[in-house]
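Worksheet for the structure shown next.
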Amino acid sequence: MQSNVFKVKPRLLVLLLLPASLVYGFIILTPLIFSLRYSFFKWSGGKNMDFIFLDNYKRLLIDEDFWHAFGNNIKLVVLIIIFQIGISFILAVMITPRRTLFQAFHRFSIFLPVVVAPVVVSILWKLIYNTDVGILNTVLRSIGLESLIRPWLSDPDYVIYSVSVVIIWQFIGLYLVIFMAGLQGIPDEIYEVAYLDGASAYHRLTKITIPLMLDTIVVAVMLSIAGNMKVFDHIFVMTGGGPGKSSSVIAMEAYGNAFNKFQYGYSAAMSIGILILSLSLVFLSRLPLAIANKRNREGQM
Amino acid sequence: MKILLRKISRVFRNIFLLVISITSIYPLLWTFMNAFKSRKQFSVDNMGLPNELVFSNFTRAIESSEMDVYFINSIISTILTVIIVIIAGFITGYVLSRYVFKAKKIVYSVFMLGMLIPIHGLMIPLFIQLKALGMLNNLASLAITYSAFSLPTAIFLVESFVKTIPPEMEEAAYIDGANIMGTMFRIIFPMTKPVLSTVVVLTFLNAWNEFPFALILINNKALKTIPIGMANFSGEFSVEYTQLLAGSVIAILPVLLVYAFFNRQIVSGMITGALKG
């Protein structure tokens with residue numbers, strides 16, 4: 001019975017799958033394939049295309065600006081994994097217990113910045129960091145910490161940290177709700193038994209919560225890596241990659257090469273490089289979990 | 001003693017959480033407060049409440065920075081995106097969850113790959129392709145682009161939701177003589193409303209807030225969307241802060257309204273999307 005109902009003529013099937021496949025293929029798959037082709041050419045958008053095979057890639061490997069930008073991506077990833085995931089995990093552990101007051105309010109307000117456009121968030125923070133009208137310096141002055149005041153977004157030594165604070169602030173809510181969902185999945189009985197056995201709060205956290213949340217934490221780390229490899233909006237609006245190139249990231253580099261220098265062939269190669277780097281990092285972050293799972297399975301045998 | 005300690009720690013925990021919550025919403029409150037201040041008041045006091053409500057910041061943001069044009073463009077591209085994603089996402093999700101055919105697994109994985117592909121790597125390739133086809137400066141191109149980014153999550157959400165509907169639904173419909181399209185749209189479509197509302201809200205947010213692709217695919221001023229308009233606005237040399245803040249309020253108001261009414265769908269949709277990706 002069921003097999004008859006859900007069998008469909010191939011022609012109709014193709015027709016049904018067509019709209020999504022066309023959109024998806026046209027925007028995601030064909031550009032990927034074509035950029036692989038362009039990456040082998042020296043091309044500035046006009047009629048002249050010189051086949052130079054791997055020269056663009058060789059140039060990419062020694063492109064200091066690109067690797068400096070990639071270093072900034074990595075810096076952001078590390079800072080953000082430590083602080084964003086760390087803070088949101090602690091917050092989730094604090095908010096999830098039923099006796100916490102205003103649980104819904106906390107979740108609502110901490111998640112709020114996640115839905116606001118990164119461009120608008122960046123504009124606001126540019127004002128917050130502003131040396132003349134910024135509230136950050138006003139606050140510092142009012143609590144007597146004038147010595148800490150600095151040009152937050154125009155000091156090459158601090159700019160990447162200033163930017164990372166904004167990204168951390170904006171997306172803590174995303175990780176918070178992911179962790180809260182994970183924590184709610186842990187049965188209360190486990191904690192009750194541990195409590196009766198005399199386990200301290202610290203032990204309950206390190207021996208129950210963290211091990212049971214490991215999968216969720218790995219997912220959060222992956223998400224964070226993927227999200228931070230594509231950072232663009234915040235940097236573009238707050239610093240434009242500056243001062244100099246001190247806060248540039250890989251997406252900014254690809255953009256600059258295409259739109260300021262019109263090096264399409266090289267930008268295509270850079271795009272492929274970005275795809276490879278981002279995907280490898282995401283897979284790399286999956287590795288610990290895969291190994292842990294394998295070990296568990298072997299342990300059970 | 002132990003109970004007292006626990007009580008104290010609970011008080012501290014609650015105070016700490018309140019501080020964090022306030023830090024999260026304060027910058028937005030600050031924006032709203034200062035968007036209504038006169039330029040003069042803003043320059044001397046940007047922390048307090050406005051002395052009087054000044055609406056001219058908004059009229060000036062609309063007149064001199066053309067926020068109204070950007071707003072309409074954002075609405076057009078966002079609505080187009082939502083329509084494409086709902087129709088294509090629903091059909092594809094339904095077909096992939098119900099029908100039996102050979103290439104099903106492959107088709108499904110190709111779509112799910114979209115959640116993994118770092119889309120910023122597509123910026124330049126897509127620009128080159130759309131330029132060659134003369135499709136730059138076109139809100140429809142923008143909508144198709146956003147649709148492609150939102151489709152994988154939409155397909156995933158619909159596919160997993162349809163799985164929870166008993167197949168007897170369709171079997172009964174066929175016995176009553178309904179055809180495939182009739183069953184799909186008249187019987188199943190209404191049943192998937194909860195998941196479709198999540199898809200609508202997530203797609204709306206992505207399209208409304210998107211920046212880099214709008215930046216490279218649109219350079220005609222009359223077609224720019226709000227994020228591009230705001231970024232240009234803030235990059236001007238002599239920025240009028242109160243006007244900029246009024247512009248920001250216009251830009252985020254629709255998002256805040258949607259968030260206020262649909263925050264459950266947004267949160268649950270983002271969690272599922274994240275855990276899948």
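Given the structure, is A:SER285 within 10 Å of chain B (Cβ to nearest Cβ), more than 17 Å from A:VAL159 (Cβ to Cβ) and either surrounded by 19 or more Cβ atoms within 10 Å (Cβ to Cβ) or hydrophobic (A, V, I, L, M, F, W, C) (or both)? Explain how you work it out, then say what you get.
Numbers: within 10 Å of chain B (Cβ to nearest Cβ): no; more than 17 Å from A:VAL159 (Cβ to Cβ): yes; either surrounded by 19 or more Cβ atoms within 10 Å (Cβ to Cβ) or hydrophobic (A, V, I, L, M, F, W, C) (or both): yes.
Against the criterion (within 10 Å of chain B (Cβ to nearest Cβ), more than 17 Å from A:VAL159 (Cβ to Cβ) and either surrounded by 19 or more Cβ atoms within 10 Å (Cβ to Cβ) or hydrophobic (A, V, I, L, M, F, W, C) (or both)), A:SER285 does not qualify.
Anything in the stretch A:30-42 that is aromatic (Phe, Trp, Tyr) and either more than 9 Å from chain B (Cβ to nearest Cβ) or open to solvent by 40 Å² or more (accessible area, probe 1.4 Å) (or both)? List them, or say none.
A:PHE34, A:PHE40, A:PHE41
Restricting attention to the stretch B:219-231, and to residues there that are at the interface with another protein chain (Cβ under 10 Å from one of its Cβ atoms) and open to solvent by 10 Å² or more (accessible area, probe 1.4 Å), which single residue is farthest from A:VAL115 (Cα to Cα)?
B:ASN219
Per-residue answers, yes or no, for (1) within 7 Å of another protein chain (Cβ to nearest Cβ); (2) under 14 Å from the mean Cα position of the chain (by Cα):
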| position | (1), (2) |
| --- | --- |
| B:SER234 | yes, no |
| B:VAL239 | no, no |
| B:THR242 | no, no |
| B:LEU245 | no, no |
| B:ILE250 | no, no |
| B:LEU256 | no, yes |
| B:ARG264 | no, no |
| B:ILE271 | yes, no |
| B:LEU275 | yes, no |
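For A:ARG59, state whether it is modelled with pLDDT under 90, touching a helix residue (DSSP H, G or I) at 6+ places or on another chain (Cβ under 8 Å) and either within 14 Å of chain B (Cβ to nearest Cβ) or not in a helix (DSSP H, G or I) (or both).
Numbers: modelled with pLDDT under 90: yes; touching a helix residue (DSSP H, G or I) at 6+ places or on another chain (Cβ under 8 Å): yes; either within 14 Å of chain B (Cβ to nearest Cβ) or not in a helix (DSSP H, G or I) (or both): no.
No, not satisfied.
Out of (1) surrounded by fewer than 16 Cβ atoms within 10 Å (Cβ to Cβ); (2) in contact with a Gly (Cβ under 7 Å, 6 or more places away or on another chain); (3) farther than 30 Å from A:GLY45 by Cβ, the odd one out for A:PHE262 is which?
(3)
Being open to solvent by 10 Å² or more (accessible area, probe 1.4 Å) and at pLDDT below 85 is the filter; apply it to the stretch B:115-133 and report the residue that is nearest to B:MET184 (Cα to Cα).
B:MET115
Hey, among the residues in the stretch B:27-40 that are within 12 Å of chain A (Cβ to nearest Cβ) and either among the basic types (Lys, Arg) or over 32 Å from the mean Cα position of the chain (by Cα) (or both), which one's surrounded by the most Cβ atoms within 10 Å (Cβ to Cβ)? Break it down stepwise before answering.
Looking only at the stretch B:27-40, we keep the residues that are within 12 Å of chain A (Cβ to nearest Cβ), and these are B:27-35, B:37, B:39.
Going one step further and asking which of them are either among the basic types (Lys, Arg) or over 32 Å from the mean Cα position of the chain (by Cα) (or both), we end up with B:37, B:39.
Numbers: B:LYS37: 24, B:ARG39: 13.
Within the stretch B:27-40, the match that is surrounded by the most Cβ atoms within 10 Å (Cβ to Cβ) is B:LYS37.
Quick check: is even one residue across the stretch B:126-143 part of a helix (DSSP H, G or I), of a type in the set (Gly, Ala, Ser), touching a residue at least 12 places away in the same chain (Cβ under 8 Å) and more than 10 Å from chain A (Cβ to nearest Cβ)?
Within the stretch B:126-143, the first condition is being part of a helix (DSSP H, G or I), and the residues that meet it are B:126-132, B:139-143.
Filter again for of a type in the set (Gly, Ala, Ser), leaving B:132, B:140-141, B:143.
Subsequent filtering for residues that are touching a residue at least 12 places away in the same chain (Cβ under 8 Å) retains B:140-141, B:143.
Right, trim to more than 10 Å from chain A (Cβ to nearest Cβ) and you get B:140.
Yes, the stretch B:126-143 contains a residue that is part of a helix (DSSP H, G or I), of a type in the set (Gly, Ala, Ser), touching a residue at least 12 places away in the same chain (Cβ under 8 Å) and more than 10 Å from chain A (Cβ to nearest Cβ).
Just for helices (runs of 4 or more DSSP H) wholly inside the stretch B:163-256: which have at least 2 residues that are among the aliphatic types (A, V, I, L, M) and in contact with a Phe, Trp or Tyr (Cβ under 6 Å, 6 or more places away or on another chain)? Before the answer, list the steps.
Values: elements: B:168-175, B:193-209, B:212-217, B:226-235.
Hits in the stretch B:163-256: B:193-209.
Can you spot a residue in the stretch B:113-132 that is more than 24 Å from A:SER267 (Cα to Cα) and among the charged types (D, E, K, R)? Steps first, answer last, please.
Taking the stretch B:113-132 as the starting set, the residues that turn out to be more than 24 Å from A:SER267 (Cα to Cα) are none.
No.
List, please: which pairs have Cβ atoms under 6 Å, are six or more places apart or on different chains, and start with a residue in the stretch A:264-282 that is touching a residue at least 12 places away in the same chain (Cβ under 8 Å) and at the interface with chain B (Cβ under 7 Å from one of its Cβ atoms) and end with one that is aromatic (Phe, Trp, Tyr) and part of a helix (DSSP H, G or I)?
If the second residue must be aromatic (Phe, Trp, Tyr) and part of a helix (DSSP H, G or I), the pairs left are A:ALA268/A:TYR38.
What are the residues in the stretch A:181-223 that are under 19 Å from the mean Cα position of the chain (by Cα) and at the interface with another protein chain (Cβ under 10 Å from one of its Cβ atoms), if any?
Residues satisfying the conditions are A:ASP215, A:THR216, A:VAL219, A:ALA220, A:MET222, A:LEU223.
If you go through the stretch B:102-114 one residue at a time, how many are basic (Lys, Arg) and buried (at least 23 other Cβ atoms within 10 Å of the Cβ)? Please lay out each step first, then the result.
Our first condition is that a residue be basic (Lys, Arg); within the stretch B:102-114, this holds for B:102, B:104-105.
Pick out the ones that are also buried (at least 23 other Cβ atoms within 10 Å of the Cβ) and you get none.
Residues meeting the conditions: 0.
Would you tally the residues in the stretch A:245-259 being part of a helix (DSSP H, G or I) and either open to solvent by 10 Å² or more (accessible area, probe 1.4 Å) or within 9 Å of another protein chain (Cβ to nearest Cβ) (or both)? Write out each step before concluding.
At the first step, the residues of the stretch A:245-259 found to be part of a helix (DSSP H, G or I) are A:250-259.
If we keep only those that are either open to solvent by 10 Å² or more (accessible area, probe 1.4 Å) or within 9 Å of another protein chain (Cβ to nearest Cβ) (or both) as well, we get A:250-252, A:254-259.
Matching residues across the stretch A:245-259 total 9.
Quick one: in the stretch A:118-134, of everything that is open to solvent by less than 10 Å² (accessible area, probe 1.4 Å) and at the interface with chain B (Cβ under 7 Å from one of its Cβ atoms), which residue is modelled with the lowest pLDDT? Before you say what the answer is, go through the steps one by one.
At the first step, the residues of the stretch A:118-134 found to be open to solvent by less than 10 Å² (accessible area, probe 1.4 Å) are A:119-124, A:127, A:134.
Subsequent filtering for residues that are at the interface with chain B (Cβ under 7 Å from one of its Cβ atoms) retains A:119-120, A:123-124, A:127.
On the way: A:VAL119: 94, A:VAL120: 93, A:ILE123: 91, A:LEU124: 91, A:LEU127: 87.
For the stretch A:118-134, the residue satisfying everything is A:LEU127.
Consider A:ILE217 against the criteria (1) at pLDDT 85 or above; (2) open to solvent by less than 30 Å² (accessible area, probe 1.4 Å); (3) in contact with a Gly (Cβ under 9 Å, 6 or more places away or on another chain): it satisfies all of them except one. Which criterion is unmet?
Only one criterion is unmet by A:ILE217, namely (2).
Are any residues in the stretch A:100-114 more than 7 Å from chain B (Cβ to nearest Cβ), surrounded by 14 or more Cβ atoms within 10 Å (Cβ to Cβ) and under 21 Å from B:LEU202 (Cβ atoms), and if so, which ones?
Once the filter is applied, which keeps residues that are more than 7 Å from chain B (Cβ to nearest Cβ), surrounded by 14 or more Cβ atoms within 10 Å (Cβ to Cβ) and under 21 Å from B:LEU202 (Cβ atoms), the stretch A:100-114 yields A:ARG107, A:VAL114.
Looking at B:ALA260, B:ALA251, which is the one that is buried (at least 21 other Cβ atoms within 10 Å of the Cβ), closer than 23 Å to B:VAL201 by Cβ and modelled with pLDDT of 90 or more?
On the way: B:ALA260 fails: buried (at least 21 other Cβ atoms within 10 Å of the Cβ).
Only one candidate passes the filter, namely B:ALA251.
Sort out which residues of the stretch B:97-115 are part of a helix (DSSP H, G or I) and facing chain A (nearest Cβ under 7 Å), and write them in order of number.
So in the stretch B:97-115, the residues part of a helix (DSSP H, G or I) come out as B:97-98, B:104-115.
Passing the criteria: B:ARG98, B:VAL107, B:PHE111, B:GLY114.
Per-residue answers, yes or no, for (1) within 30 Å of A:ILE85 (Cα to Cα); (2) hydrophobic (A, V, I, L, M, F, W, C); (3) touching a Phe, Trp or Tyr at 6+ places or on another chain (Cβ under 6 Å):
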residue: A:GLY227; (1), (2), (3): yes, no, no
residue: A:ASP233; (1), (2), (3): yes, no, yes
residue: A:GLY240; (1), (2), (3): yes, no, no
residue: A:PRO243; (1), (2), (3): yes, no, no
residue: A:SER247; (1), (2), (3): yes, no, no
residue: A:ILE250; (1), (2), (3): yes, yes, yes
residue: A:PHE262; (1), (2), (3): no, yes, no
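A:GLU64 passes all but one of (1) loosely packed, with under 14 Cβ neighbours inside 10 Å; (2) in contact with a helix residue (DSSP H, G or I) (Cβ under 7 Å, 6 or more places away or on another chain); which number fails?
(2)
The values are calculated or read from the model by the stated rules, or taken from the named source; none is laboratory data. None of the values given here were measured: they were computed from a predicted structure. Neighbour counts run over all protein chains shown; Cβ positions are idealised from the backbone, glycine included. Side chains included, ligands, DNA and RNA excluded: accessible areas come from the protein's heavy atoms. Shrake-Rupley method; radii C 1.70, N 1.55, O 1.52, S 1.80 Å.
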